[in-house]
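Dropping the structure in here first, questions after.
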Amino acid sequence: MATVTLEQISKAFGATFAVKDFSATIADGEFVTFLGPSGCGKTTCLRMVAGFIDPTRGRVSIGARVVSDPERKIAVPPEERGVGMVFQSYAVWPHMTVFANVAYPLKIKSVSKEEQRQRVGRALELMKMSDLADRFPHQLSGGQQQRVALARALVMNPQVLLLDEPLSNLDAKLREEMRLELKQLQKQTGVTIIFVTHDQMEAMVMADRIVVMNAGIIQQIGAPREIYLKPANRFVGEFIGVANFLSGRRRGDGFALAASPQIVLPFQPPAALTSDALVMMVRPQDIALHPSQGQLAAQVAQKMFVGDATEYFVSVGGETLRVRGAPREDYAVGATVHLTISAGQFFQ
Amino acid sequence: MKRLRLNSGQATLAFAVLVLTILVVYPLAQLVYQSIQYNQQWSLQSYLAAMTSESNLLALRHSLEVSLAAMLGSTVLGTFLAWLIARTDLPGRNFFRTAFVLPFLIPPFIGALAWLQILGPVGYLNKFLMTLTGASEPFWNIYGPAGIVLVMMLHEYPTVFISVLGGLERMNPELEEAAQISGGRIFRVMRDVTLPLMMPTIAAGALLVFITDIANFGVPAILGFSENYYVLTTQIYNVITRSTQPNSLNIAAAMSILLALVSGLGIFLQRFYLSNKEFAVISGKSMQPNVVKLGAHRYWLFALALTLFVIATVAPLVAILLTALVRAYGLPPLPENLTLQNFYDVLMLNQSSRRGIVNSLGLAVTAATIISLLSAFIAYIIVKTKMRGRALLDFISNAPYTLPGTVVALAMILAWLKPLPLIDFRLYNTIWILLVAYVARYLAFGVRTAAGSLAQVHSSLEEAARISGAGWLQSFRDIVIPLIRPGLFAGWFLVFIPCLRELTISALLWSTRNETIGVVVFNLQQSGNTSASAALAVIMIAVLLIANLITRRLTGGKLGY
Ligand SMILES: Nc1ncnc2c1ncn2[C@@H]1O[C@H](COP(=O)(O)OP(=O)(O)O)[C@@H](O)[C@H]1O
Ligand SMILES: [Mg+2]
C-alpha cells in the first residue's frame with residue numbers, strides 16, 4: 001500500500017486548463033473522494049494518477065516513487081504504476097470468461113497457473129462471484145460485471161485503487177449495496193482508494209476525506225463532516241447538501257438582511273470578513289419552525305410533504321428560504337410561521 | 001373515395017412486383033431453368049458436364065486460390081493501415097485516411113491495365129530495371145495468378161481498411177486501458193484485447209473482399225487470358241462467347257449457379273459475422289483512444305505508408321497517363337515522345353470508342369433516372385407500408401447486385417435471347433438489354449438510399465396531406481417525393497458512377513454498335529492497341545473523378561470518396 005502525492009499538477013487541453021494547481025496527499029490506506037460537478041476535471045485528475053494523461057506540469061508520486069514529473073521528463077506508463085482501476089463502463093473484456101478477465105493481470109506477470117487459480121479464486125470469493133467464474137460477460141448483469149472489474153483490479157494487490165464513477169451505471173438499490181461493500185473491501189484489503197464521483201451523497205457516505213473541485217480547481221479538502229459543517233466557500237456549501245443564502249451586511253453585533261434592513265439576525269459575522277456585503281449560509285435543519293415565537297416571521301409560499309418531513313419554502317422580507325418541518329407539524333400555504341435560526345456561516 | 005385510395009396503393013405494389021419480376025425474377029428463373037435443361041429436356045447433365053470438365057475444375061480452383069490469396073493480402077494490409085491511422089501518432093494521419101481509400105476510384109480492370117504497363121514484359125518498371133542491371137529478362141512478369149492477386153489486393157484493401165478503421169474508432173478505449181493498467185504493454189494489449197475484439201469486423205470485411213474478388217471479371221481477363229489462366233468468371237465468359245458446342249449455354253448456366261453458390265456461402269458467412277453482436281464494444285461517448293507513440297519508428301512507417309499510397313494509387317494513375325501520352329507504347333516517356341494524338345484518336349477518329357463514350361453516358365443517365373424513380377416506389381413499399389411480402393421485395397431488389405455480375409449477365413442473355421411475344425422484338429444484341437441489365441444490377445443502390453431518406457420522413461407529414469384531402473398518389477407526389485428528393489439525387493449519382501465503369505456485364509451483353517466505354521477499353525487492350533486503350537481509360541477516370549466530386553458536393557461528403 002502507498003500514499004499518493006499530487007503536487008501542483010495542472011493539465012491544459014489547448015489553452016484551457018482542465019485541472020489547475022491540484023495538490024493533495026492521500027495517505028496510505030485512506031479512502032479519498034474527488035467530488036465535483038460534471039466537467040470539473042475529476043476524471044482528468046484520476047487519469048493523471050493512472051498515467052493515461054501526462055500532466056502539463058506538477059509532480060505525481062506513488063509511495064516513494066515519482067511517476068510523473070514533466071520537468072524531469074519522468075512519465076512512468078500506466079502498466080508500470082502498479083495501480084488498479086475500475087472504469088465507468090467496467091471495461092470487462094467481452095471475449096474472455098470471468099476467470100480469464102480476472103486472471104489477466106497475473107498472466108501478464110507470468111504468475112504460475114496454480115497461483116493464478118488461487119489468487120483469482122480469492123478475488124472472486126471476495127466479490128462473491130466464485131460460482132460465475134466460467135461465464136462470459138454478456139451473461140452477467142451490470143452489477144456482476146462491476147464485481148468482475150473490481151476483482152480484476154484487486155487481484156494484483158495494487159498499491160492504489162482508482163475508481164471513476166463506478167456506481168453511476170447501477171440502479172439505486174444496487175448502488176447502495178455496493179457503497180457498503182466498497183467500504184468493507186477497503187477495510188479488508190487496506191488498499192488506498194481514490195474514488196471519483198459527482199454524487200455528494202456517495203462521497204459523504206464513503207470517503208474518509210473529500211476533495212471538492214470546481215472548474216479544475218480544488219475548493220476544499222476535508223472529512224465529510226467538516227466539509228458539510230464548515231464549507232470553505234459558497235460553492236462548497238451549495239454543492240454539498242441543501243443551503244439557504246441570505247445577503248446582508250454587518251449591523252452592530254448582528255446581521256441585517258439586504259432585502260429588509262429592519263430585520264437583524266443575532267449572528268455576528270467573524271471579524272476576518274472585512275467586506276461590507278456578506279452572505280450567510282443557513283442549512284434547512286438549522287431553522288426551527290414555531291406557530292407563534294421566533295426571531296422572525298415568514299409566510300409559507302409552498303410546501304411538499306416528503307414523508308419524514310415537510311419541506312416549506314417561506315418568504316422573509318423578500319428572500320425565500322427552504323426549511324424543514326417535523327412531519328406532524330402542518331402549516332397551510334399563506335400562513336405565518338416564526339423561524340428561529342440556530343446556526344449559520346458567513347461568506348464574503 | 002376510400003376504395004379508390006386503396007386501389008392506388010395496391011396498384012403501386014402490383015407495379016413494383018411486375019417491374020421486379022421482369023427485371024430480376026424472370027431472368028434468374030430462366031438461369032435456373034436452363035441449368036437443368038440439356039438437349040431441350042429436363043436433366044442434370046449440365047451440372048455433370050460443368051463439374052467434370054477438367055478446365056472448369058481448374059477454373060474453380062483458380063478462383064478460390066486467387067480470391068483467398070487476395071483476401072488474405074487485403075485483410076492484412078487493410079487492418080494494418082487502419083491500425084496505423086487509428087492507433088498511432090503517425091504523421092499525416094488525416095491525409096492518409098483519405099489517401100488509402102482512393103483505389104476505390106479506379107475501376108479494377110483499369111488497375112490491371114495500369115499494372116500491365118508497369119510490370120508487364122515491356123512495362124516501365126521492368127524496362128527501367130533491365131536498363132539499370134543490364135539484364136535481358138524482365139524483372140517480373142505480372143501475367144498470371146500472382147499479378148491478379150496483387151491487383152485485386154491493391155484494389156480491395158480499402159474495404160477492410162474502412163470497416164476496421166470505423167471499428168477501432170468506435171471501440172470503447174476503456175477496454176484497452178483496462179488491459180494496460182493490468183500491466184500489459186501496448187503491443188500486448190493490442191494482441192490480447194484489441195485484435196480479438198476487432199476479429200468479427202475484420203472477418204466480415206475479409207469475406208466482403210472475397211465475394212468481390214471471386215466475382216471479378218476484368219482483372220483475371222486482362223492478366224489471365226494471354227497466359228491461358230482462367231478463373232470461374234472468365235471461364236464462363238469463354239464458354240458463352242466462344243464455345244460452339246451444343247448446350248454450351250446450359251453448361252454456362254450450371255457453372256454460373258456454382259459460382260453464385262460459392263459467393264453465396266461467402267455472403268452468408270459475412271452476414272453471420274456482422275450479426276455477431278456478442279462483442280458489443282461500442283462506447284457511447286467518444287474519447288481519445290490509446291495511441292501508440294511510434295517514436296523513432298515513425299519515420300520508416302511514414303515512408304512505408306507513403307510508399308503504399310504511391311503503389312496503390314499514384315503509380316497506376318501515372319502509368320496509364322504516361323502510356324496515353326506516349327506516341328507508341330513501349331517508347332520511353334521522354335519529352336520528344338509525348339503527344340496528344342491518342343486522345344485525338346479515341347475522341348475523334350475511332351468510331352467504336354466514340355460510340356462507347358456516348359453509349360455509356362446515355363446508359364448511365366437513363367439507368368440512374370429509371371432507378372431513381374423505381375426505387376422511390378419500391379422503397380416506399382418496403383419502408384412505409386405493412387404490406388405482406390415487402391421483405392421479399394427488398395431481397396429481390398438486392399439480388400442482382402449481390403450476385404456476381406457474370407451470373408446476372410448470363411441470366412439476362414437467357415431471358416432476352418428469344419424475341420418478345422406480340423411485338424416480336426429481340427432485346428439481345430441491342431442496347432436495351434444493357435439498359436435492362438444495368439437497371440437490375442444497380443437497383444439496390446437506389447432502393448437503399450431512397451429507403452434511407454424515407455425512414456427520415458415522419459408518417460404524420462403524409463397523414464396531414466391525406467387529412468387535407470389528398471389521395472395516396474397525390475400525397476406521394478406532393479409530399480413524399482419532394483421530401484426525399486436529396487436522397488433520390490444522391491442515389492442517382494450512386495448508380496451513375498458504377499454504370500459508367502461497368503465491364504463485367506457489358507463484356508457479355510455488348511454487340512457491334514452497342515459498345516460501352518469499359519468494353520472499348522478492354523477490346524482496344526485485347527487487340528494490342530495499348531495507347532488508345534490507355535487514353536480512353538484516362539478519359540473514363542476523369543469522368544469518374546468529376547462524378548465523384550459532384551456526389552461529394554451534393555451529399556456534403558456523406559457519399560463518394
Ligand atoms: N482529451 C481532451 N481534450 C480536450 N478537452 C478535454 C479532454 N478531456 C477532458 N477535457 C475537458 O476537460 C474538462 C474536464 O474533463 P473531465 O476530467 O472529464 O471532467 P469530469 O470527469 O469531472 O466530468 C472538461 O471541460 C472536458 O471537456
Ligand atoms: Mg468524468
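The values are calculated or read from the model by the stated rules, or taken from the named source; none is laboratory data. Keep in mind the model is a prediction, meaning the values are calculated, not measured. Note that we place each Cβ from the backbone using ideal geometry, even for glycine, and neighbour counts take in every protein chain shown.
Would segment A:150-164 turn up any residue that is at pLDDT below 95, away from ligand 1 (no atom under 16 Å from the Cβ) and away from chain B (no Cβ under 14 Å)?
There is no residue in segment A:150-164 that is at pLDDT below 95, away from ligand 1 (no atom under 16 Å from the Cβ) and away from chain B (no Cβ under 14 Å).
How about segment A:34-60: which of its residues are under 28 Å from B:Phe187 (Cβ atoms) and more than 16 Å from ligand 2 (Cβ to nearest atom)?
A:Gly51, A:Asp54, A:Pro55, A:Thr56, A:Val60
Would it be correct to say that A:Leu46 is closer than 26 Å to A:Ala207 by Cβ and either in the same structural domain as A:Arg135 (by TED's automatic domain parsing) or over 18 Å from the mean Cα position of the chain (by Cα) (or both)?
When the stated conditions are applied, A:Leu46 passes them.
Return the only residue of A:Ala232, A:Ala172, A:Ala215, A:Ala243 being in contact (Cβ under 8 Å) with a residue 24 or more places away in the chain, out of contact with any Lys or Arg (no Cβ under 8 Å at 6 or more places or on another chain) and either surrounded by fewer than 23 Cβ atoms within 10 Å (Cβ to Cβ) or farther than 17 Å from A:Thr25 by Cα (or both).
Of A:Ala232, A:Ala172, A:Ala215, A:Ala243, the one residue that is in contact (Cβ under 8 Å) with a residue 24 or more places away in the chain, out of contact with any Lys or Arg (no Cβ under 8 Å at 6 or more places or on another chain) and either surrounded by fewer than 23 Cβ atoms within 10 Å (Cβ to Cβ) or farther than 17 Å from A:Thr25 by Cα (or both) is A:Ala215.
While we're on this one: I'd like the full set of residues that are within 16 Å of ligand 2 (Cβ to nearest atom) and in contact with a Leu (Cβ under 6 Å, 6 or more places away or on another chain), limited to segment A:160-196.
A:Leu162, A:Asp164, A:Ile194, A:Phe195, A:Val196
Do we find a residue being of a type in the set (Val, Ile, Thr) and within 16 Å of ligand 1 (Cβ to nearest atom) anywhere in segment A:175-194?
Yes, segment A:175-194 has at least one match.
Just name the residue that is surrounded by the fewest Cβ atoms within 10 Å (Cβ to Cβ) out of those in segment B:527-538 that are among the hydrophobic types (A, V, I, L, M, F, W, C) and closer than 11 Å to B:Ser353 by Cα.
That would be B:Ala532.
Ok, one more. How many of the residues in segment A:91-111 are closer than 18 Å to A:Leu124 by Cβ, more than 8 Å from chain B (Cβ to nearest Cβ) and of a type outside the set (A, V, I, L, M)?
Final tally of qualifying residues: 4.
When only residues in segment A:53-66 that are among the hydrophobic types (A, V, I, L, M, F, W, C) and more than 10 Å from ligand 1 (Cβ to nearest atom) count, which is nearest to the other protein chains (Cβ to nearest Cβ)?
A:Ile62
Next question. Of all residues in segment B:442-473, count the ones that are part of a loop (DSSP other than H, G, I, E, B) and not β-branched (Val, Ile, Thr).
Summing the residues that are part of a loop (DSSP other than H, G, I, E, B) and not β-branched (Val, Ile, Thr) in segment B:442-473 gives 5.
Would you check if A:Phe31 is away from ligand 2 (no atom under 16 Å from the Cβ) and of a type in the set (Phe, Trp, Tyr)?
yes
Could you please give the count of residues in segment B:517-561 that are in contact with a Lys or Arg (Cβ under 9 Å, 6 or more places away or on another chain) and not in a helix (DSSP H, G or I)?
4
Here is a check on your reading of the model: is A:Arg283 in contact with a helix residue (DSSP H, G or I) (Cβ under 7 Å, 6 or more places away or on another chain), closer than 23 Å to A:Ile227 by Cβ and either surrounded by 13 or more Cβ atoms within 10 Å (Cβ to Cβ) or not assigned by TED's automatic domain parsing to the domain that holds A:Gln219 (or both)?
No: the conditions fail for A:Arg283.
For A:Leu46, are the conditions met, namely being within 16 Å of ligand 1 (Cβ to nearest atom) and either away from chain B (no Cβ under 14 Å) or among the aliphatic types (A, V, I, L, M) (or both)?
yes
While we're here: Quick one: is A:Val86 buried (at least 20 other Cβ atoms within 10 Å of the Cβ), within 16 Å of ligand 2 (Cβ to nearest atom) and more than 7 Å from chain B (Cβ to nearest Cβ)?
So A:Val86 passes the test.
Quick test for you: out of A:Lys73, A:Lys20, pick the one residue that is of a type in the set (D, E, K, R), within 16 Å of ligand 1 (Cβ to nearest atom) and away from every other protein chain (no Cβ under 12 Å).
Residue meeting the stated conditions: A:Lys20.
Which one of these does A:Val32 not meet: (1) away from ligand 1 (no atom under 12 Å from the Cβ); (2) out of contact with any strand residue (DSSP E or B) (no Cβ under 6 Å at 6 or more places or on another chain); (3) touching a residue at least 24 places away in the same chain (Cβ under 8 Å); (4) not small (Gly, Ala, Ser)?
With (1) away from ligand 1 (no atom under 12 Å from the Cβ); (2) out of contact with any strand residue (DSSP E or B) (no Cβ under 6 Å at 6 or more places or on another chain); (3) touching a residue at least 24 places away in the same chain (Cβ under 8 Å); (4) not small (Gly, Ala, Ser) applied to A:Val32, the lone miss is (2).
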